[in-house]
Structures are given as structure tokens and as C-alpha cells.
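Please treat every number below as a calculation from the coordinates, not as lab data. This is a predicted model, so every value here is computed, not measured.
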Amino acid sequence: MSRVDKKELSREEIVEAMLQQQIDEAWGWLLSDPRGKLILWSVLDKCGLQNFTFNGNAWDALFKGRQQVGAEILAHHVYPFGMTVYTEMLLEAEERQKQLEAAIDETDAANNTEEK
């Protein structure tokens with residue numbers, strides 16, 4: 001932020017802009033680290049973006065609210081880093097699922113061998 005910018009902004013606006021810069025940098029770190037993307041993936045999963053929200057009962061508003069939060073996270077914090085980031089997260093989640101299932105299969109196979 002240049003000196004001219006600072007003179008034209010109020011103290012609150014300067015603090016808000018600096019905080020937003022720190023938040024943007026933190027999101028950049030989160031999305032650059034596989035562990036950060038895993039955490040974000042778990043949050044987005046809780047938001048239920050992939051689910052149909054109309055069940056005809058009082059839970060609909062809660063589910064719709066969760067989806068709205070997830071959509072806002074994507075729109076304001078993920079997509080600014082590139083539209084492919086979410087796609088990468090989807091592919092990483094699929095690969096993680098396959099690895100976990102393979103590990104379970106190996107464990108089951110080893111347990112079955114030991115039982116014989």
C-alpha cells in the first residue's frame with residue numbers, strides 16, 4: 001500500500017486492508033500444502049456441496065446454509081487461486097480414498113492369511 005493510499009484511507013480501512021492481506025496469504029499457504037488442502041476438503045465435505053438439500057423438513061434450511069458457506073469459501077478463497085485448485089482437491093480426495101481402501105484390503109488379506 002503506497003503512502004498516497006494510506007493518506008486517503010481511514011485508520012480502520014488500513015487495518016482492514018492489512019488484515020485481508022494476511023488472510024489472503026494464509027489461504028495461499030493453506031492451498032499450497034497437501035495437509036492444508038486436506039483440512040479444507042474436510043470442511044467442504046461437511047458443507048455438503050455434493051448433496052441435494054430438499055428433504056421437505058426443517059433440516060433443509062440448515063443444509064442449505066452449510067452449502068452456502070461452502071460455496072462462499074470456494075468463490076472467495078479457493079477460486080481466486082485458480083479454478084483448477086478445486087479440481088486438484090477432488091482428484092487428491094479420490095486418490096486418498098483409493099489408498100485407504102487398498103490399505104484396508106491389504107490388512108484384511110494379511111489377517112485372513114494369519115487365521116488359516
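Using only Cα atoms and rounding to the nearest 10 degrees, what angle (0 to 90) does helix 59-73 make with the longest principal axis of the chain? The helix 59-73 is inclined about 60 degrees to the chain.
Taking each DSSP H run with n ≥ 4 as -39500 (n - 2.57) and averaging over every residue of the chain yields -26000 deg cm²/dmol at 222 nm. By the gyration tensor of its Cα atoms, with a ≥ b ≥ c the square roots of the eigenvalues, what is the shape of region 12-74: rounded for a/c under 1.5, prolate for a/b over b/c, or oblate? In terms of gyration-tensor shape, oblate.
The base-10 log of I(q)/I(0) for region 52-116, evaluated at q = 0.14 Å⁻¹, reads -0.69 [Debye formula, identical scatterers on Cα atoms, solvent excluded]. Evaluated on the chain, the Kirkwood hydrodynamic radius is 17.8 Å, with distances taken between all distinct Cα atoms.
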